[in-house]
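A short write-up of the structure that comes next.
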Amino acid sequence: MTPQGTWKLALTGDPVVVPSATGTTGLRAVAEYPAKIYDIRAYVDVAGCTFYVGGAADTATTTTGTGWVSGTFDPLTQVFKAKATSAGLVVATVPSGPMCTVLDYFYEDDPVAIIGATTGSAALWKNMPPAGSTSLLVGYP
């Protein structure tokens, strides 16, 4: 998968305090913000079957994506936790390539779910600032 364009992160509400994982030492309350990653568009090549993922209106020549994923963002850990059931992503173009027929599970306008390493678990995306940059800072009045 190759991201296209500039994906954006928006905090969509006030922080929610949740307990940290049980069984850890030094338990702390974690402030997670409801958040959304949007303007998503990506080029996908799976075993010779190629297509774009984005919003329903996106095409192969679209320069800015319209796909989105909702979740939460923890500014301390810089982790976005995606909600698999709250994604506005689809296979945006007709898949092409000889393997598409063999794979037989990629069709234009099919929804794309965002899941973690285990089916049913949340996908965790960590912000990794480039060298010389800093983490995302979140201010709250």
Sorted by accessible surface (1.4 Å probe, heavy atoms of the protein chains only), largest first, Leu76, Leu103, Leu9, Leu89 come out as Leu76, Leu9, Leu103, Leu89
With a cut-off of 8 Å between alpha carbons and a minimum separation of six or more residues, what is the relative contact order of region 1-113 in percent?
24
Sorted by accessible surface (1.4 Å probe, heavy atoms of the protein chains only), largest first, Met128, Met99 come out as Met128, Met99
Specify which residue in the list Pro98, Gly55, Ala84 is farthest towards the positive end of the charge dipole of the chain, using unit charges on the beta carbon of Lys, Arg (+1) and Asp, Glu (-1), about the Cα centre.
Ala84
Cβ-placed point charges (K, R +1; D, E -1), dipole of the chain about Cα centre in debye, nearest 20
500
Added length on full extension, which subtracts the Cα-Cα distance from 0.36 nm per residue, Ala10 to Leu124:
39.4 nm
Given 49-56, 108-115, the highest-first ranking by average Cβ count within 10 Å works out to 49-56, 108-115
Env charge @ Leu9, Cβ radius under 13 Å, K,R +1 / D,E -1, value +2
With all protein chains present, calculate the accessible area of Ser86 using a 1.4 Å probe and round the result to the nearest 10 Å².
30
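The values are calculated or read from the model by the stated rules, or taken from the named source; none is laboratory data. Here the structure is a predicted model, which is why all the values come from computation and not from measurement. Every residue, glycine among them, receives a Cβ derived from its backbone with ideal geometry; neighbour counts consider all protein chains shown. Side chains included, ligands, DNA and RNA excluded: accessible areas come from the protein's heavy atoms. Shrake-Rupley method; radii C 1.70, N 1.55, O 1.52, S 1.80 Å.
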